[in-house]
Amino acid sequence: MINVPARSISDRALSTLNASFKADRDLRLKGYSDAMQFLANPTIFMRLANAVLPWAWTAAALCFAAGLYMALISSPTDYQKGETVRIMYVHVPAAWLALFIYVLMAVASAVALIFRHPLADAAAKAAGPLGAVFCFLALVTGAIWGKPMWGTWWVWDARLTSMFILMLLYLAYLAIWQAFDDPHLAAGLARVVALVGVIMVPIIKFSVEWWNTLHQPASLAKLAIDPAMLWPLLLMALAYTLFFLCLHLTAIGNEITARKLRAARLKAIAST
Amino acid sequence: MTAAFVALIRRDLLLSYRGGGVGAALAFMLAFLVMIPLAIGPDQETLSRLAPGLMWLALLLAVLLTTERLFQQDWDDGSLELLAMAPLPLELLCLAKALAHWLGVSLPLAIVAGPLGILLNLPVDRLAVLLLGMVTGSLALSLIAAIAGAVTAGLRRGGLLIPLLVLPLYVPVLIFGLATTGGDLGPAGATPSLLVLAAIVLITLVLQPWAAAAALRAYFR
């Protein structure tokens, strides 16, 4: 390696270097936008999704089978919580996904807003109801867990309240799509709602650490969980994620079909 | 540009004043106040304990009720489109409307809400800090309301959608607004909560022009 003092590089050399960096960056940006353009074609996207879906469904089914066996049968019981600890394996992944899907929705909305990517709106719209259902599952399984653990179905502690608010954010997002007949207008407004709402996600995520309350802090953060329980949990998380991926791809496909139908119907009206 | 900004605020304040101003929202607040002892009983001690939270609720709901008018009136008579075509950027237009809403509605309500709490046996020594928190927080309330107002500008039946959009975002304001009057304040007193409240105001101040303008652009597209 040649050790050149920074000062000895001439301005000219620097500018050449800068130009080459810039060209490189432009090329890379073009690569990204090419990749996005490629996925933006609904037909290509559908073909890709249809090729991936059977494998993804199989993988999800296998992960669920193995994960549920490990979680419900072979994993040890907790010395404090007994058998009820098994609720964790269906509860925690649902809560993770509820948060993850909202972020995904916001990212898709940002992509739609910045790059005018035609499928990003469909991806965000398709993610909304799925995220709401995972959020609902997290709340319900949490309540079922809370009854034996804390002796009550529901308490207004930081984590439960913040997940409840996440549910409301999902409902607000879904309500926007419901309220407007014009899909383009609804898409434009839904982007804003998703991006404004995503500010609440860090508050929801860290609520248990900021406010010391009944709900325990995230189990994985401090590696406070035994490997015998960690592996089934991670497997279940993978299964949930794959399951979401399958549902999401299918829902985006449905959205594309709905758009085509709408366009065809408008065309039919216009031609009469 | 500053002149146009100020003129827009003055126009909105004038329109709001001639349209009855803050009167209706204030009347709502009073009606809400009467309902409270009827709902939870007239026990002085209970009321005294709940008073700060209930007055915050009254403030939130009163501001919420005025959200619908924020952009809808201008959208209906077409003046919003004219204003959008003016040289003033759409972002600043949205900010001006939010500030006018604050000066015309939220700020007067916030100033009145604390003293009205005395009817609920609010501890008088808490009044000053409650007032300070409400005046600070009310700016964030107006800014958030202006985002929801822009999103529902052209919606005929926006009345039910607005609370769903606005209330989740009001939660942090409510939490830190109430933390200033909480019984278990640390040695630093109410200052940390007030500072967080101010931080929330600053964040919404940055976010609101962008978000509201993006929503309006969806309508003008």
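The values are calculated or read from the model by the stated rules, or taken from the named source; none is laboratory data. The shown structure was predicted, so the numbers you read here are calculated from the model rather than taken from an experiment. Note: ideal-geometry Cβ built from the backbone for every residue, glycine included; neighbour counts use all protein chains shown.
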Filter pass, residue A:172 being within 8 Å of another protein chain (Cβ to nearest Cβ), crowded, with 19+ Cβ neighbours inside 10 Å, more than 15 Å from the chain's Cα centre (by Cα) and not basic (Lys, Arg): yes
Can you tell me which residue in segment B:186-206 is modelled with the highest pLDDT, limited to those that are of a type outside the set (Val, Ile, Thr) and crowded, with 17+ Cβ neighbours inside 10 Å? B:197
Reported set for segment A:104-122 where residues are of a type outside the set (Ser, Thr, Tyr) and over 14 Å from residue A:249 (Cα atoms) is A:106, A:107, A:110, A:111, A:112, A:113, A:114, A:115, A:116, A:117, A:118
If only one of B:113, B:100, B:150, B:145 is within 12 Å of chain A (Cβ to nearest Cβ) and either under 19 Å from the mean Cα position of the chain (by Cα) or not hydrophobic (A, V, I, L, M, F, W, C) (or both), which one is it? B:150
Given (1) over 27 Å from residue B:35 (Cβ atoms); (2) facing chain A (nearest Cβ under 10 Å), identify the lone condition not met by residue B:202. (2)
Could you list, in sequence order, all residues of segment A:180-194 that are facing chain B (nearest Cβ under 10 Å) and either in contact with a Cys (Cβ under 7 Å, 6 or more places away or on another chain) or modelled with pLDDT under 90 (or both)? A:180, A:182, A:184
Check A:112, A:65 and return the single one that is in a helix (DSSP H, G or I), buried (at least 18 other Cβ atoms within 10 Å of the Cβ) and of a type in the set (Gly, Ala, Ser). A:112
Selection status of residue A:148, in contact with a strand residue (DSSP E or B) (Cβ under 9 Å, 6 or more places away or on another chain) and either more than 14 Å from chain B (Cβ to nearest Cβ) or assigned to a helix (DSSP H, G or I) (or both): yes
Would you check if there is a residue in segment B:35-47 being of a type in the set (Ser, Thr, Tyr) and either exposed (fewer than 13 other Cβ atoms within 10 Å of the Cβ) or at pLDDT 90 or above (or both)? no
Any chance residue A:160 is part of a helix (DSSP H, G or I) and modelled with pLDDT of 90 or more: no
